[in-house]
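Encoded as structure tokens, the structure appears first; notes follow it.
The values are calculated or read from the model by the stated rules, or taken from the named source; none is laboratory data. Nothing here was measured: the structure is a model prediction, and the numbers come from that model. For neighbour counting, all protein chains shown are included, and Cβ atoms are generated from backbone atoms with ideal geometry for every residue, glycine included.
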Amino acid sequence: MSLQPIDLQTLFVRLQQVGQDQAAIKDAAAQAQSVAGQEIAQKSTQQITRVSETPELQNELESVKDNEEREKEREEAKKRKKEDSSRDDSELFRDPDLGQNIDISG
């Protein structure tokens with residue numbers, strides 16, 4: 001099968017288009033990687049700036065409430081002990097002369 005001059009003319013006209021198609025195919029892979037990299041960077045930026053609530057946080061909030069309740073109970077128990085000790089102190093006998101005089105002669 002031989003090439004006719006008209007075939008060569010057609011090939012030369014289409015040669016530029018074929019070259020552009022081949023270059024586009026080569027650039028498509030690089031462009032796809034670039035786009036994928038931009039998407040990954042955008043997603044990571046969104047994850048950094050976004051605040052999301054985790055299921056573990058709910059358990060921690062409940063434990064904080066429990067801790068606050070325990071703390072309140074401890075404070076109430078301390079108050080009760082202070083009241084009991086103040087009642088006990090009033091019932092104890094105290095010497096009026098003790099603790100009233102300060103010896104500064106040294």
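VAL51 falls short on exactly one of the conditions (1) at pLDDT below 85; (2) surrounded by 10 or more Cβ atoms within 10 Å (Cβ to Cβ), and that condition is (2).
VAL51: in a loop (DSSP other than H, G, I, E, B) and of a type outside the set (Ser, Thr, Tyr), yes or no? Spell out how you get there, then give the answer.
Working: in a loop (DSSP other than H, G, I, E, B): yes; of a type outside the set (Ser, Thr, Tyr): yes.
So VAL51 passes the test.
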